[in-house]
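What follows is one structure encoded as structure tokens, with my remarks underneath.
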Amino acid sequence: MDAKIKAILIAEGLADIDPELLDRPKVSTAGPGAGISSFFFRSGSHRVRLEAKRDPDARLKVQRVSPEDGEVAILYDDQEIVRGTIEPTLLHCPEQAYLTISERCIYNCTFCPVPKLKGRTKSHDNILKMVADAYTTGNMRAISITSGIEHSPEDEVKRAASVVKSLVRYNVPIGVSVYPTADSSMILKEAGAIEIKYNVETMDRNIFKSACADMDLDFVLKSLEDAVRVFGRNRVHSNFIIGLGESDETVKKGVRVLAELGVIPILRALVLHPLRPDIMDVCPGAARPSADRLLMLARFERKVLDDCELNASISETMCLQCTGCDLVPHRDV
Ligand code: SF4
């Protein structure tokens, strides 16, 4: 799979697949893809995560090629474009125990189903048990922790820090993605995390104001800057959604702003979630980005990261390590 094929797969996002090809489709509990069944496809050194659905109208179809070695082919408009294998997941994604502490959120970003899903909050013991089980597989290369906001960002940071402190014993890299607080970077670094992700979601200030009305973009940016001082360059990431109606120029400017702070942006294709039809009222231009747009922006980001002497392949946890949802600079482009 090359970057162009991966861009097509991400842009389509959904594949018709026989459930028999999957051991158990995984349902995400975090972020814009929450509640959606998915699977991971690996081809060469590249990986992509696709929504798994029985849908004869899907443009992507997965077909078994060889039952002996598990090889499958992906067809795009009935033409085979790539071969590979379905990759097993550990917790949420391959090779990582990636856990969501609170599957609910008092904030209400209009692209995110989590506030509507009102999921559970895992207990400390439950999280430790899940990681212990993942560890026994021998495939756990990293631990990643994320969370919605059940009561307050401060509570989530406290809870994440206490979980991290209990998990450092596994001696694998630990990353955390939460909404920042005034001292979240210090608290999480001292707890034992090596990487942090605070999401800007969009760098278009008008879209941010209406789509992320409960959040403060300047505070997130200031927190990212502080995080680079605490965690170091290449260790601070930020999700940046593509498809909310922002222009390419705004994305490019935003990528530069983040990279100049020492932050690695993760350009994430918008998921139009069935639980959030209201997104079209708030962001009338919202649409899944095309493969060409994703590829062009990923290549642009790669150049900016090179100019700023940042390298996304150094990351050891969370999405930059997984790579399933995005074209990751230095790994895919
Ligand atoms: S890239 Fe991130 S959100 Fe996507 S599957 Fe991997 S860990 Fe999950």
**OP:** Kindly list the number of the only condition in (1) touching a Phe, Trp or Tyr at 6+ places or on another chain (Cβ under 8 Å); (2) at pLDDT 95 or above that fails for Thr89.
**Re:** (2)
**OP:** Among the candidates Glu301, Glu316, single out the residue that is surrounded by fewer than 21 Cβ atoms within 10 Å (Cβ to Cβ) and not polar (S, T, N, Q).
**Re:** Glu316
Subject >> Count of segment 229-261 residues which are within 19 Å of the chain's Cα centre (by Cα) and touching a residue at least 60 places away in the same chain (Cβ under 8 Å) >> reply: 6
**OP:** Find the strands (runs of 3 or more DSSP E) located wholly in segment 78-179 whose residues include 2 or more that are within 16 Å of the chain's Cα centre (by Cα), crowded, with 16+ Cβ neighbours inside 10 Å and within 14 Å of the ligand (Cβ to nearest atom), and list them.
**Re:** 96-100, 142-146, 174-177
Original post:
Any idea how many residues of segment 266-323 are more than 25 Å from Asp2 (Cα to Cα) and of a type in the set (Gly, Ala, Ser)?
Top reply: 2
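The values are calculated or read from the model by the stated rules, or taken from the named source; none is laboratory data. In this text the structure is predicted, and so the values were computed from the model without any measurement. Here the Cβ is made from the backbone with ideal geometry for all residues, glycine too, and neighbour counts use every protein chain on show.
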